[in-house]
Amino acid sequence: MLLTISTTVRPATDLGFLLHKHPDRVQEFGQSYGTARVFYPEAGEERCTAALMLDVDPVRLVRSRGRSTPDYALGQYVNDRPYAASSLLAVALADVFRTARTGRCDSRPELAAGLIPLEITLPVLPCRGGPEMAHRFFEPLGWTVEAQAVPLDEGFPEWGDSRYVRLSLRGEVRLADALNHLYVLLPVLDDAKHYWIAPDEVDKLIRAGESWLAAHPDRSLITRRYLGRRWALARTAFARLAELGDDVEEDLEPPVEEDPAADPGPTADAPPSGEPAGELPAVPAGELPAVPAGELPAGPAGEASGERDAAPKRPLNVLRREAVLEALAEFGAHSVIDLGCGSGQLVGALLDRPEFTKVAGVDVSAQALAIAARRLRLDRMPDRRRERLQLFQGALTYTDDRFAGYDAAVLMEVVEHVDPPRLNALERVVFGAARPGHVIVTTPNAEYNVRYDFLEGMRHPDHRFEWTRAEFQAWAVEVCREYGYHVAFRPVGDDDPELGPPTQMALFGRGSAANAGGGDD
């Protein structure tokens, strides 16, 4: 099976730096089921192409299967796995381009962080649901997609098309994001994995999809397919996406019937019959109990959120947005800038309220802004609504005149993504240069993390830190002393008597302490 990645960025040979693979050498990487090779069919100043070729040994693949895997005799050796891109290629890609997937490149850091022209081709890709599924999954991520169905036999066109497509992707995308798109979506399009799906697959999905999955319109279908329709794992993933992203949990889990290409598929407990195992250990079905579709995902430890007669628990991200909107209304703000707007959830909520006559959204990520524009239907937005809105790219650690002139600024779940040495720069930009009348800051309460059963470490892989209540309040008070603001604090979410709320919110004001929004100073 073959994957090629091409670029025309000048000099195009810088692709070798980004992939950490030298264009002048053929490199081999052993896998449990075969050998992966990286080579460059072309490497010039104008255009450079890197190829990942995976040679699958069906005998080794069979020998890596767990003892409990069903025996399907000839089917173990005669299948499409050596030829069609699948989860085998996704695992090889993750191994071979491990550093490139993180976006780290010490030799070309600016190139690694920016968008570059890319063309990705996969000659044979299993695609359950046909070419339209490839368009459905890749186009919202900024790709121009060409997906052509492969006929069963070109000599007999009346036989129709096979379940395979020839896929070509073109677009200006950060290379690390492109690799993570492929890592997640190759097995999703195939709708099968060559190994049993262990609980750590949720962590892999969240890490690979941290910058794009929560905002994808088909995030629910992607999540279910990636996790093999194991409902216990899928519900954990839904909860994490709702908690860590900025999307409503109910939106992350539409009915299963939304997948037009889905067959009945495996049960929540049983792996799909005939699916060969790979390098990951098998997980006995009994360890992953099925969760009936009508129940809610488990909340913090000790809560009976799965009871059918209990009222659905409102997602924290919804409570957060409502708390911000309530505070803005109390301030009497009419112009608001969302600093770090992400996929535009808060911006959309602001536009829905006519009292906010001027709304701006800014983010450092061009991809996030593109997703926000699609989510807000910017191309079809009525003129009167469009006149109130401005979306633009900007970094919060650099002074920008466009940040000034607003009644209020919002930093909702943003500061924890900033490296601590750069926080002083953010403070100068927001509180010193832009100087809105009010600033609202929300951030996770690190003390509350122990209440999440699924959580290990911080709440998001990109968080540089998470503050306790005392640390957050000390930071806010110091900002006020430096820049002439007053501050008040409010809880967001269930206020645990021992640990405090899951989200903490600071309301800054340039007037008297009373005008900072109420709450405890």
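How do the pairs read when you match residues in region 73-100 that are on the phi > 0 side of the Ramachandran plot with residues anywhere that are modelled with pLDDT under 75 and in a loop (DSSP other than H, G, I, E, B), using Cβ under 8 Å and keeping only pairs 6 or more apart or on different chains?
Listed pairs, sorted by first residue: none to list.
Just checking, how many residues over region 194-213 are farther than 20 Å from GLN367 by Cβ and either in contact with a Leu (Cβ under 9 Å, 6 or more places away or on another chain) or among the aromatic types (Phe, Trp, Tyr) (or both)?
9
Scan region 419-426 and give yes if some residue there is closer than 26 Å to GLN345 by Cβ and among the basic types (Lys, Arg), otherwise no.
There is at least one residue in region 419-426 that is closer than 26 Å to GLN345 by Cβ and among the basic types (Lys, Arg).
Would you mention how many residues in region 1-34 are modelled with pLDDT of 90 or more and either in a strand (DSSP E or B) or of a type in the set (Ser, Thr, Tyr) (or both)?
Residues that pass the stated criteria total 10.
For region 91-119, give me each residue that is touching a strand residue (DSSP E or B) at 6+ places or on another chain (Cβ under 7 Å) and open to solvent by 70 Å² or more (accessible area, probe 1.4 Å).
The one that is touching a strand residue (DSSP E or B) at 6+ places or on another chain (Cβ under 7 Å) and open to solvent by 70 Å² or more (accessible area, probe 1.4 Å): LEU115.
Restricting to region 475-496, what's the tally of residues that are open to solvent by less than 60 Å² (accessible area, probe 1.4 Å) and part of a helix (DSSP H, G or I)?
So the answer is 5.
Select from region 120-159 the residues that are part of a loop (DSSP other than H, G, I, E, B) and in contact (Cβ under 8 Å) with a residue 40 or more places away in the chain and write down the one among them that is surrounded by the fewest Cβ atoms within 10 Å (Cβ to Cβ).
GLY130
Among the residues of region 10-31 satisfying the criterion of being within 12 Å of LEU52 (Cβ to Cβ) and charged (D, E, K, R), which is least open to solvent (accessible area, probe 1.4 Å)?
Top of the filtered list is LYS21.
For ARG428, work out the one condition from (1) modelled with pLDDT of 95 or more; (2) of a type in the set (Lys, Arg); (3) in contact with a strand residue (DSSP E or B) (Cβ under 7 Å, 6 or more places away or on another chain) it doesn't fulfil.
ARG428 satisfies all of (1) modelled with pLDDT of 95 or more; (2) of a type in the set (Lys, Arg); (3) in contact with a strand residue (DSSP E or B) (Cβ under 7 Å, 6 or more places away or on another chain) except (3).
Are there any pairs, at least 6 apart or on different chains, whose C-beta atoms fall under 6 Å, with the first in region 162-178 and farther than 11 Å from PHE138 by Cβ and the second part of a helix (DSSP H, G or I) and open to solvent by 20 Å² or more (accessible area, probe 1.4 Å), and if so, which?
From residues that are farther than 11 Å from PHE138 by Cβ, the pairs are VAL165/PRO131; ALA176/ARG101.
Among the candidates GLU253, GLU257, GLU243, which residue alone is at pLDDT below 65, touching a Ser or Thr at 6+ places or on another chain (Cβ under 8 Å), open to solvent by 20 Å² or more (accessible area, probe 1.4 Å) and farther than 21 Å from ALA90 by Cα?
GLU253
What residue, of GLY44, GLY34, is open to solvent by less than 40 Å² (accessible area, probe 1.4 Å), at positive phi and in contact with a helix residue (DSSP H, G or I) (Cβ under 9 Å, 6 or more places away or on another chain)?
Just one listed residue meets the conditions, GLY34.
Working only within region 181-212, note down all residues that are farther than 27 Å from TYR33 by Cβ and of a type in the set (A, V, I, L, M, F, W, C).
TRP212, the sole residue that qualifies.
Could you please find all residues in region 163-209 being part of a strand (DSSP E or B) and of a type outside the set (S, T, N, Q)?
Within region 163-209, ARG163, TYR164, VAL165, ARG166, LEU167, LEU169, ARG170, GLY171, GLU172, VAL173 meet the criteria.
The values are calculated or read from the model by the stated rules, or taken from the named source; none is laboratory data. Quick caveat: nothing in here was measured; it's all calculated off a predicted structure. For neighbour counting, all protein chains shown are included, and Cβ atoms are generated from backbone atoms with ideal geometry for every residue, glycine included. We work out accessible area using only protein heavy atoms, side chains counted, and drop any ligands, DNA or RNA first. Shrake-Rupley method; radii C 1.70, N 1.55, O 1.52, S 1.80 Å.
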